[in-house]
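Trainee: Input: one structure, supplied below.
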Amino acid sequence: MSKLENKIDFVALVKVVNANPNGDPLNGNRPRTTYAGNGEISDVCIKRKLRNRLQDMGESVFVQSAEQSDDGCTSLSERASKNITTYSSNDDYARQACEKWIDVRTFGQVFAFKSKDRKDNVSVGVRGPVSIHQAVSCSPVDINSMQITKSVNGEPSEGRSSDTMGTKHFVEFGLYKIKGSINVQLAEKTGFSEEDAGKLKEALRTLFVNDASAARPDGSMEVVTLYWWKHNNKIGQYSASKVHDSLMISLKDGIQIPTSEKDYDIVLKPLEGLEPEIIAGM
């Protein structure tokens, strides 16, 4: 495995068409929005999708979703105790966890579990090198709501049950911007490698493969373009903020309600000595 020697920043542009990219359970599962009306996808949601993609790619993942559990474990505590049986110190525990699970050495993890006999409680924190912002749409989004009904019996009963009403919410169109960075100093501590960075890049490019659901029909969400800046040193030639802001996106003149990514002017401001790799999404 090759050590990561260069700071990396990245931006993924995501297109959403008639889908709910990230429902808010405190607001009737309506798509998340900012106070200004821009669409929003939480960083937790993005990391969940990245973990699923890495697992699809054959990587060992610690924080698995219930439907993708591949080891029979029903909790994080069980998975940790099953795979890390002996350790000499907290640092040794963290080292073993990073070697075993790609998401631990990528995003970090807090291991705070009580053993059954309460004699060997675990309290270990790993700080990961990959940081991801919540995604925000490039302009305000329109949210549509659709009334739906269920007219079948969920449980045995006499006669047909009355229809159950419900509501589906979805974003008509949105172009979302996912921003992130990879810190070399933290990568050295967790063992996050150059090869791991390549796997993360591929997971970002294919972020919505195998992610279809009733709220996100197949094809309703896709990565349009991935921008990948690789600096020439460990700390970076420019701050992450300057790199992310060098990708400037605005509505074209005369466009008030966008219906396609083509309704935006996407301009990449040049940064001397730093050119991004521009990758088409899947």
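The values are calculated or read from the model by the stated rules, or taken from the named source; none is laboratory data. Computed from a predicted structure; not experimentally measured. Using ideal geometry, Cβ is built from the backbone for each residue, glycine included, and neighbour counts are taken over all protein chains shown. SASA here: full protein model, heavy atoms, side chains in, ligands and nucleic acids out. Shrake-Rupley method; radii C 1.70, N 1.55, O 1.52, S 1.80 Å.
Trainee: Mind listing just one residue for me: the one in segment 39-57 that is under 8 Å from the mean Cα position of the chain (by Cα) and hydrophobic (A, V, I, L, M, F, W, C) and, of those, farthest from VAL14 (Cα to Cα)?
Mentor: Once the filter is applied, the top-ranked residue is VAL44.
Trainee: Looking at segment 187-242, which of its residues are β-branched (Val, Ile, Thr), touching a Leu at 6+ places or on another chain (Cβ under 7 Å) and within 25 Å of TRP101 (Cβ to Cβ)? I'd like the intermediate steps shown before the answer.
Mentor: Residues of segment 187-242 that are β-branched (Val, Ile, Thr), as a first pass: 190, 206, 209, 223-225, 235.
Of the ones still in play, those that are also touching a Leu at 6+ places or on another chain (Cβ under 7 Å) are 223-225.
Answer for segment 187-242, where residues must be β-branched (Val, Ile, Thr), touching a Leu at 6+ places or on another chain (Cβ under 7 Å) and within 25 Å of TRP101 (Cβ to Cβ): just VAL223.
Trainee: Cβ-Cβ distance below 8 Å, separation of 6 or more or different chains: which pairs start in segment 53-68 with a residue that is within 18 Å of GLU99 (Cβ to Cβ) and of a type outside the set (A, V, I, L, M) and end on one that is open to solvent by 30 Å² or more (accessible area, probe 1.4 Å) and assigned to a helix (DSSP H, G or I)?
Mentor: Cβ pairs passing all conditions: GLN55/GLN68; GLU59/LYS199; SER60/LYS100; PHE62/LEU76; PHE62/LYS100.
Trainee: Is there a residue in segment 38-48 that is assigned to a loop (DSSP other than H, G, I, E, B) and small (Gly, Ala, Ser)?
Mentor: Yes, segment 38-48 has at least one match.
Trainee: Among the residues of segment 243-265, which ones are out of contact with any helix residue (DSSP H, G or I) (no Cβ under 9 Å at 6 or more places or on another chain) and free of Cβ contacts under 8 Å to residues at least 60 places away in the same chain?
Mentor: Hits for segment 243-265 are ASP245, SER246, MET248, ASP253, GLY254, GLN256, LYS262, ASP263, ASP265.
Trainee: Any idea which of GLU158, GLU172, GLU99, GLU194 is among the acidic types (Asp, Glu) and modelled with pLDDT under 95?
Mentor: Details: GLU172 fails: modelled with pLDDT under 95; GLU99 fails: modelled with pLDDT under 95; GLU194 fails: modelled with pLDDT under 95.
Testing whether each residue is among the acidic types (Asp, Glu) and modelled with pLDDT under 95 leaves just GLU158.
Trainee: Check THR34, THR74, THR86 and return the single one that is open to solvent by 20 Å² or more (accessible area, probe 1.4 Å) and in contact (Cβ under 8 Å) with a residue 40 or more places away in the chain.
Mentor: Just a single option satisfies the conditions, and that option is THR34.
Trainee: Out of (1) small (Gly, Ala, Ser); (2) under 30 Å from LYS252 (Cβ atoms); (3) open to solvent by less than 60 Å² (accessible area, probe 1.4 Å), what's the single condition that is false for SER145?
Mentor: So SER145 meets the others, but not (3).
Trainee: Please determine, by comparing only the residues of segment 1-18 that are assigned to a loop (DSSP other than H, G, I, E, B) and of a type outside the set (S, T, N, Q), which one is farthest from GLY174 (Cα to Cα).
Mentor: First, pick out the residues of segment 1-18 that are assigned to a loop (DSSP other than H, G, I, E, B): 1-2, 4-7.
Subsequent filtering for residues that are of a type outside the set (S, T, N, Q) retains 1, 4-5, 7.
On the way: MET1: 39, LEU4: 34, GLU5: 35, LYS7: 30 Å.
Selected residue: MET1.
Trainee: Looking at segment 47-87, which of its residues are within 19 Å of PHE107 (Cβ to Cβ) and of a type in the set (Phe, Trp, Tyr)?
Mentor: PHE62
Trainee: Take the conditions open to solvent by less than 90 Å² (accessible area, probe 1.4 Å) and farther than 29 Å from VAL11 by Cα and apply them to ALA80. Does it pass?
Mentor: yes
Trainee: Could you please let me know if ILE249 is β-branched (Val, Ile, Thr) and either within 19 Å of ILE46 (Cβ to Cβ) or modelled with pLDDT under 95 (or both)?
Mentor: For ILE249, the condition - β-branched (Val, Ile, Thr) and either within 19 Å of ILE46 (Cβ to Cβ) or modelled with pLDDT under 95 (or both) - is met.
Trainee: Continuing with the same structure: Tell me which residues, restricted to segment 49-66, are surrounded by 16 or more Cβ atoms within 10 Å (Cβ to Cβ) and not in a helix (DSSP H, G or I).
Mentor: Once the filter is applied, which keeps residues that are surrounded by 16 or more Cβ atoms within 10 Å (Cβ to Cβ) and not in a helix (DSSP H, G or I), segment 49-66 yields GLU59, SER60, VAL61, PHE62, GLN64.
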